[in-house]
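The values are calculated or read from the model by the stated rules, or taken from the named source; none is laboratory data. Computed from a predicted model, the values in this text were never measured in an experiment. Glycine also receives a Cβ, built like all others from the backbone with ideal geometry; neighbour counts cover every protein chain displayed.
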């Protein structure tokens with residue numbers, strides 16, 4: 001087990017990595033950083049926690065969608081602008097309901113960060 005340092009949205013994190021998995025973990029951290037910075041740079045969301053949740057949702061949606069044969073390849077369950085139609089994609093009712101629930105829960109806890 002080795003330790004590596006990664007940067008996500010300008011903050012350093014020291015992570016444990018299985019031997020030989022350092023490059024893969026660095027790539028995963030870079031993907032998370034890019035997703036979170038994209039949402040932050042859109043300018044509508046400021047709370048790091050909310051940005052992290054939306055980035056994770058987008059990546060999980062992309063992963064699930066890529067596992068479906070014949071998928072249309074439309075990425076992102078939720079856009080950084082809170083407007084899924086802007087990307088030409090309409091989330092399923094279940095995804096839209098989940099996004100709405102997350103927005104409500106994260107709004108209720110205020111600006112923690």
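Which residues, counting only those in the stretch 31-44, are touching a residue at least 24 places away in the same chain (Cβ under 8 Å) and surrounded by fewer than 17 Cβ atoms within 10 Å (Cβ to Cβ)? Write out each step before concluding.
Going residue by residue through the stretch 31-44, those that are touching a residue at least 24 places away in the same chain (Cβ under 8 Å) are 31-33, 35-42, 44.
Result: 31, 37, 38, 41, 42, 44.
Restricting to the stretch 60-72, give me the number of residues that are surrounded by 10 or more Cβ atoms within 10 Å (Cβ to Cβ) and at pLDDT below 70. It would help to see each step written out before you state the result.
Step one: filter the stretch 60-72 for residues surrounded by 10 or more Cβ atoms within 10 Å (Cβ to Cβ), giving 60-62, 64-66, 71.
Narrowing the set further to residues that are at pLDDT below 70 leaves 71.
Residues flagged as surrounded by 10 or more Cβ atoms within 10 Å (Cβ to Cβ) and at pLDDT below 70 within the stretch 60-72 amount to 1.
Scanning the stretch 5-23 for residues that are in contact with a strand residue (DSSP E or B) (Cβ under 8 Å, 6 or more places away or on another chain), outside any loop (DSSP other than H, G, I, E, B) and farther than 23 Å from residue 51 by Cα yields 16, 17, 22. Of all the numbered requirements in (1) surrounded by 16 or more Cβ atoms within 10 Å (Cβ to Cβ); (2) farther than 27 Å from residue 93 by Cβ, residue 53 misses one, and that requirement is (2).
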